[in-house]
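**Q** Next up is a structure, given as structure tokens.
The values are calculated or read from the model by the stated rules, or taken from the named source; none is laboratory data. Computed from a predicted structure; not experimentally measured. Here Cβ is always computed from backbone atoms with ideal geometry, including for glycine, and neighbour counts include all displayed protein chains.
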Amino acid sequence: MPKYKIAIVGAGPAGYFTAQALQKAQNEELTFTIDMIERLPTPWGLVRSGVAPDHPKIKTVSKVFEKIAKEEGFRLFANVELGKDISLKDLREAYDAVVLATGSATGRKLGIAGEDLKNCISAADFVPWYNSHPDFTNVSVDLNTDTAVVIGAGNVAMDVARMLAIDPTDLDLTDIAQQALDLFKASKVRSVIICGRRGPEHAAFTAAELRDLPKLENTDVYIDADQIHRAAIRVDQMGEVEKELKNNLEAMRLITEHHKKGVERKLEIKFLSAPIEIRGNGKVEEVIFTINEVKEGKVVATDKTFSIKTGLVVTAIGYDAVKYPGVKIENGRIANIAGHVEHNVYVTGWAKRGPVGVIGTNKSDSADVVDLIIENLEAPKNSTGIEGLLKSGHEVIDQVGWEKINASEVISGELAGKPRIKEVDWNRLISLGTS
Ligand code: NAP
């Protein structure tokens, strides 16, 4: 029976769903061994370092990942970096197919003056910082300001704004990084303003996230009722529109009508506000915006501007794929045609389609890529796979090693009433996983 060797690079949702699709595709004539290669000492990708700590339900998908990892023929090789510890060329020679599921981790830039000022931080740094990513423990975050501005009208902006705006004691029983929790507790931020450059009808938030906002117990949420009313009129004039858009507008309308508690903490969503300059003397002090308007369905700039005095800007305007030697990036994605990169190399997830879609989106995406792989399979290679490709003595965290880290984190968490306390130190993660 032919047994094919597949390498999946990246142990995030897209990687696991690719493994699952391969496992499901097996039959009497086709079997796979799957080696999942991950740069970090820990798997789960954005489920570990992206999903907001106050959204534990979303993280339960990790149970599915662990089930996939327990299937016969699956092996984890964490703490192995593509391009450093192993080359794409070597992987291609050793495996029948290589699937890049490396995500999009580079925060896009606004490209405006002042973006490099201190305390203008990309969500690509801010989010992994509060989620205990070992590479981001040293991100410098200063919350000694009463107002924070978050740029972008998507779910990442919403996550970031919520983390800054909620009462930090609400995060006590989550898996947030302790250093972030400490800083949030000392934070002077009381007003968080999300700024979207287009109208409410163009916002990338999802309705479920918007509907959660009025439920915040210690934060009042504001959206200009007039902006929503005007957007609703524009949408009515469009004729038939997607249900999601109607749901989003309705969720925003409900926010405008929701009773305000009169609390100190505020979260505001402002639309049609395009940042044109960040000003400050060595550090963020003010953001200048152009007021946009929607004219005949198009978003256009007016000649009016306004400014917000703020000591912190977080940009949440999307991500680009990370570049690896031997991989071409096009429009922020690994260059591909429907998931095919070249010969026996494939790509899936955000690295393939760009940073869009929720965790579940990767399931169908990865299944499509697996169909393509199967279609293109040739005679199975007679190779030993990853063995022999790594330098001797390289400390690999395998599935058993990861389970040790996982158990240690969960046990520490239990003692503190939290789901887990993540280890943030790279060396300690390795020693936990290899002991
Ligand atoms: P996103 O949904 O694409 O939103 C990016 C936002 O940035 C858009 O509003 C975009 O506005 C704005 N933007 C881009 N360039 C800009 C610029 N130069 N100036 C001002 N604004 C700019 O991306 P995301 O928020 O990073 O989320 C990525 C994916 O993860 C999404 O599919 C999201 O739903 C998902 N996600 C889901 C959850 C959840 O389910 N709880 C949580 C987090 C993320 P334009 O539309 O005008 O370009």
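Here's the yes/no breakdown for (1) farther than 22 Å from residue 60 by Cα; (2) not aliphatic (A, V, I, L, M); (3) not assigned by TED's automatic domain parsing to the domain that holds residue 10:
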residue: 354; (1), (2), (3): yes, yes, no
residue: 360; (1), (2), (3): no, yes, no
residue: 374; (1), (2), (3): yes, no, no
residue: 383; (1), (2), (3): yes, yes, no
residue: 410; (1), (2), (3): no, no, yes
residue: 424; (1), (2), (3): no, no, yes
residue: 432; (1), (2), (3): yes, no, yes
residue: 435; (1), (2), (3): yes, yes, yes
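**Q** Out of the residues in region 236-270 that are modelled with pLDDT under 95 and aliphatic (A, V, I, L, M), which is nearest to residue 215 (Cα to Cα)?
**A** Here the residue is 241.
**Q** Before we move on, is residue 314 surrounded by 18 or more Cβ atoms within 10 Å (Cβ to Cβ), part of a strand (DSSP E or B) and touching a Cys at 6+ places or on another chain (Cβ under 9 Å)? Walk me through how you get there before you give the answer.
**A** Working: surrounded by 18 or more Cβ atoms within 10 Å (Cβ to Cβ): yes; part of a strand (DSSP E or B): yes; touching a Cys at 6+ places or on another chain (Cβ under 9 Å): yes.
Spelling it out, residue 314 is indeed surrounded by 18 or more Cβ atoms within 10 Å (Cβ to Cβ), part of a strand (DSSP E or B) and touching a Cys at 6+ places or on another chain (Cβ under 9 Å).
**Q** Still on this model: Residue 99: closer than 20 Å to residue 351 by Cα and within 16 Å of the ligand (Cβ to nearest atom), yes or no?
**A** Values: closer than 20 Å to residue 351 by Cα: yes; within 16 Å of the ligand (Cβ to nearest atom): no.
For residue 99, the condition - closer than 20 Å to residue 351 by Cα and within 16 Å of the ligand (Cβ to nearest atom) - is not met.
**Q** Where in region 55-138 are there helices (runs of 4 or more DSSP H), lying wholly inside it, with at least 3 residues that are of a type in the set (A, V, I, L, M) and over 30 Å from residue 315 (Cβ atoms)? So that I can check it myself, show each step before the final result.
**A** Values: elements: 56-59, 62-70, 88-94, 123-130.
The helices (runs of 4 or more DSSP H) meeting that bar are 62-70, 88-94.
**Q** Can you pull out the residues in region 334-362 that are buried (at least 18 other Cβ atoms within 10 Å of the Cβ) and within 16 Å of the ligand (Cβ to nearest atom)?
**A** Hits for region 334-362 are 348, 349, 350, 351, 352, 353, 355, 359, 362.
**Q** Being within 22 Å of residue 310 (Cβ to Cβ) and touching a residue at least 60 places away in the same chain (Cβ under 8 Å) is the filter; apply it to region 172-191 and report the residue that is surrounded by the fewest Cβ atoms within 10 Å (Cβ to Cβ).
**A** Among those residues, the one meeting the criterion is 190.
**Q** Moving on to the next point. Within region 371-381, is even one residue surrounded by 12 or more Cβ atoms within 10 Å (Cβ to Cβ), within 16 Å of the ligand (Cβ to nearest atom) and in contact (Cβ under 8 Å) with a residue 24 or more places away in the chain?
**A** no
**Q** For residue 139, only one of the following conditions fails: (1) among the aliphatic types (A, V, I, L, M); (2) touching a residue at least 40 places away in the same chain (Cβ under 8 Å); (3) in contact with a helix residue (DSSP H, G or I) (Cβ under 7 Å, 6 or more places away or on another chain). What is its number?
**A** Residue 139 satisfies every listed condition except (2).
**Q** Are any residues in region 303-321 among the acidic types (Asp, Glu) and without any contact (Cβ under 8 Å) to a residue 40 or more places away in the chain, and if so, which ones?
**A** Passing the criteria: only 303.
**Q** Taking the condition of being of a type in the set (Phe, Trp, Tyr) and crowded, with 17+ Cβ neighbours inside 10 Å, how many residues in region 275-311 meet it?
**A** If we filter region 275-311 for residues that are of a type in the set (Phe, Trp, Tyr), which is where we start, we get 289, 306.
Cutting the leftovers down to crowded, with 17+ Cβ neighbours inside 10 Å gives us 289.
Number satisfying all stated conditions: 1.
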